[in-house]
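Asker: Take a look at this one; I'll ask things after.
The values are calculated or read from the model by the stated rules, or taken from the named source; none is laboratory data. Note that the structure is a prediction, hence the values are computed from the model and not measured. Cβ atoms come from the backbone with ideal geometry, glycine included; neighbour counts cover every protein chain shown. Keep in mind that these areas ignore ligands, DNA and RNA; they rest on the heavy atoms of the full protein, side chains included. Shrake-Rupley method; radii C 1.70, N 1.55, O 1.52, S 1.80 Å.
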Amino acid sequence: TTKSVAFTIATIALGAKMAKADGVVTRDEVDAFKQFFKVPPEETKNVARVFDQARKDHRGHEAYARQISGMFANNPAVLEELLYCLTRIARADGVMHPEEANYLRSVADIFGLDRHVFERITEITEKAGDSDPYKVLGIERDITDGDLKAAYRSLVRENHPDKLIADGMPEELVELANEKLAAINDAYDKVSASRGL
């Protein structure tokens, strides 16, 4: 319970600071936060209070990111899902501001996620046709067909919602895991089709 509460508070704070990263918190960003983190009606006021406090706090996001990173050091899939959620909040108003991209990069660095993981997560968009399938899969364009298949299978294993639930994925992030897995499947289909596989 203590871990769950700490995760929730740190996640709310990261979401608030993500929304504020470009200097303006929009209704779209707040709505995106509410969509990704299902808040029970009886907790709405408490969550709104924590969100507003974090948004107004002049201190940075680093302490919250380090707290979550420490909690899930042995479960990077949770950290990836949280970064994906923050990316979706950043894109909620229709544009990724450079300060939002810098914020996401900073969080990814604190989480210990490498360049390929960062590119894969931030490349996935709501409109699958807008994403670079190679970046979504976290692979280079000159990868062999055999290595492509192996990379894809590995990603599916790592990101399958059943595995994430078994590994202790917080409930709030399971729905996003399904979205991300669909984007990975779509990217693989596109690369495979372009190669005639």
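Quick grid of which residues meet (1) of a type in the set (S, T, N, Q); (2) on the phi < 0 side of the Ramachandran plot; (3) open to solvent by 60 Å² or more (accessible area, probe 1.4 Å); (4) at pLDDT 80 or above:
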residue	(1), (2), (3), (4)
GLU80	no, yes, no, yes
VAL95	no, yes, yes, no
GLY112	no, no, yes, yes
GLY129	no, yes, yes, no
GLY168	no, no, no, no
LEU181	no, yes, no, yes
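Asker: Tell me which residues, restricted to segment 107-120, are within 16 Å of GLY15 (Cα to Cα) and either of a type in the set (Val, Ile, Thr) or touching a Gly at 6+ places or on another chain (Cβ under 9 Å) (or both).
Answerer: Result: VAL107, ILE110.
Asker: Separate question: Could you go through segment 1-11 and let me know if any residue there is of a type outside the set (D, E, K, R), open to solvent by less than 30 Å² (accessible area, probe 1.4 Å) and modelled with pLDDT of 75 or more.
Answerer: Within segment 1-11, one or more residues are of a type outside the set (D, E, K, R), open to solvent by less than 30 Å² (accessible area, probe 1.4 Å) and modelled with pLDDT of 75 or more.
Asker: Tell me the residue from ARG88, ARG59 that is modelled with pLDDT under 85, more than 21 Å from ASP189 (Cα to Cα) and not in a loop (DSSP other than H, G, I, E, B), please.
Answerer: ARG88
Asker: With the structure loaded, tell me whether ILE143 is modelled with pLDDT of 85 or more and in contact with an Asp or Glu (Cβ under 7 Å, 6 or more places away or on another chain) or whether it fails that test.
Answerer: Criteria not met by ILE143.
Asker: Among the numbered criteria (1) open to solvent by 20 Å² or more (accessible area, probe 1.4 Å); (2) within 21 Å of PHE111 (Cβ to Cβ), which single criterion is violated by VAL47?
Answerer: All conditions pass for VAL47, except number (2).
Asker: Consider PHE111 carefully, then state whether it is touching a Ser or Thr at 6+ places or on another chain (Cβ under 9 Å) and among the hydrophobic types (A, V, I, L, M, F, W, C).
Answerer: For PHE111, the condition - touching a Ser or Thr at 6+ places or on another chain (Cβ under 9 Å) and among the hydrophobic types (A, V, I, L, M, F, W, C) - is met.
Asker: Conditions first: (1) open to solvent by 20 Å² or more (accessible area, probe 1.4 Å); (2) of a type in the set (D, E, K, R); (3) over 20 Å from ARG157 (Cα atoms). GLU100 passes all but one, so which condition is the exception?
Answerer: It fails just one condition, (1).
Asker: So, LEU164, is that one modelled with pLDDT under 80, under 25 Å from ASP22 (Cβ atoms) and open to solvent by less than 50 Å² (accessible area, probe 1.4 Å) or not?
Answerer: no
Asker: State all residues of segment 143-160 that are without any contact (Cβ under 8 Å) to a residue 40 or more places away in the chain, farther than 16 Å from SER192 by Cβ and either within 14 Å of the chain's Cα centre (by Cα) or not in a helix (DSSP H, G or I) (or both); if no residue qualifies, say none.
Answerer: Within segment 143-160, just HIS160 meets the criteria.
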